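Report on one structure; see the data block that follows.
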Amino acid sequence: MRNTSIEVADNIAESPAARPYRPPKSWLRLGKYLLPAQPLNADWKRTARPTEQVSITQLATEYPDQVSLRTLGNAEVLPEYEYEYYDAGERRRLTLASEFIAPSFIAEVHNGMSFGRHCCAIGPNSKAIRETGFNLDGAATEGGIPIGKFKFRRWRKRLEGDVTARPWLPPKQHVTGCVAILNTRYSHNFYHWLCDILPRLIPLRASHTRPDYYLVESLSSFQQEVLISLGIRQSQLIQPHCRLLLEADRLLVPSFPTPSCLRAFRELLLDRLGVNRKSKQQRRIYISRRKSGKRSVADEHRLDRVLHEHGFETHAMEEYPLQRQAQLIHDAATIVAVHGAGLANLMFARRGTNVIEIVPRDRTNAYLYPDKSRTFGLRHRQIAGNVVGRRQQLAISLDDVVAALSSSTLLSRRALAA
């Protein structure tokens, strides 16, 4: 089946004006959790929870007058992808299997509801939309491992992602107009915000629909700047939170990003950030995590020395705005980096860029960035490291680093001899 990309429309008609939404005046952050700071009202009334999870296709079939479903683009098949893996002097070839990807879609639900920070959607007859939930059917996992029923963590995860597991829901707040869901799980994380949440704009644009409001993580000035660059006004942003049950005249539920959506979003964001696409630079960059406080390279000064001898620059992405991060990655011919959220910036790399990722040995989601390299046409290699210390520092073999660079034909024979 041939691969196709989704065309993004820039000239989209505005929908009718909506009633202004009044967000909470202040927020309370507890780590990655977000709460409105004001106490609950005395007249707080409960809303009955849904009792059933159903697919969006089933809802559209059962309630065609209330739910419409539109498919966008075509299905595609991701080809098999091979990459090298270096582990204490041993080199192996790993393979991502070929994968069929269904086309993206956008569902429109009249008087649909969204619950919580993760935006679990609810359709007609109080039926939860399965595609927007997680930890369903009585199960909950962490790192792919099931969590026992007597663990508190299990029930916390169930309550976060399965509205049918809750005893009740908070009172609903109605918004006149059209509201689009962007948020999903892990919205506090830079990788998920950039790669899982924002690309859901692509089905919306491809359907020539511009909502009145967007349910999306948007409290930080950085997030607002990016959203504004994408044509979304600050007055259109609704920050989801754990007490929010929002009902809209029209609730738009776009599918989670397909590879075609990610590639289209890449092009859109490169243009909106003003990245110089004509740059011919061939920079070699090392992305350090030393300022993150977690999962940095042990004895990083030794790795720095080896890389600098071969023309690498060291950068900490936390210091730069997104536009500079995007330009830096776009200018790079070779990127060395530790596994982490900052590698979401791989979407800005040019096709054929060499990526050498330092990854914790036996990490359950180690396939994540090789899969992104497959999507964007990059050449991926991984170097395994042992996790040491409380801050999960990675101890790696510098011989593996040189071998990975050599395999990428990045070092001259003279440099290798030295």
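Restricting the range 368-399 to residues that are in a loop (DSSP other than H, G, I, E, B) and at pLDDT 95 or above, the residue that is surrounded by the most Cβ atoms within 10 Å (Cβ to Cβ) is 378. The number of residues in the range 165-220 being aromatic (Phe, Trp, Tyr) and surrounded by fewer than 20 Cβ atoms within 10 Å (Cβ to Cβ) comes to 4. Those strands (runs of 3 or more DSSP E) of the range 263-353 in which at least 2 residues are surrounded by fewer than 17 Cβ atoms within 10 Å (Cβ to Cβ) and on the phi < 0 side of the Ramachandran plot, considering only elements entirely within it, cover 312-315. When the criteria are applied in full, residue 152 fails the requirement of being out of contact with any Asp or Glu (no Cβ under 6 Å at 6 or more places or on another chain) and modelled with pLDDT of 95 or more. Every test in (1) assigned to a helix (DSSP H, G or I); (2) at pLDDT 95 or above is passed by residue 105 save one, and that test is (1).
Just to be sure before I move on: is residue 362 at pLDDT below 95, surrounded by 20 or more Cβ atoms within 10 Å (Cβ to Cβ) and not β-branched (Val, Ile, Thr) in the structure I sent? Even if it seems obvious, please write down each step before you answer.
Details: at pLDDT below 95: yes; surrounded by 20 or more Cβ atoms within 10 Å (Cβ to Cβ): no; not β-branched (Val, Ile, Thr): yes.
Answer is no for this residue.
Of all residues in the range 200-220, those that are within 18 Å of residue 235 (Cα to Cα) and in contact (Cβ under 8 Å) with a residue 24 or more places away in the chain total 11.
If you go through the range 400-418 and keep only what is surrounded by fewer than 17 Cβ atoms within 10 Å (Cβ to Cβ) and modelled with pLDDT under 75, you end up with 408, 409, 412, 413, 414, 415, 416, 417, 418.
The values are calculated or read from the model by the stated rules, or taken from the named source; none is laboratory data. As the structure is a computational prediction, the values presented were derived from the model and not from experiment. Heads up, the Cβs are rebuilt from the backbone with ideal geometry, glycines too, and the neighbour counts pull from every protein chain shown.
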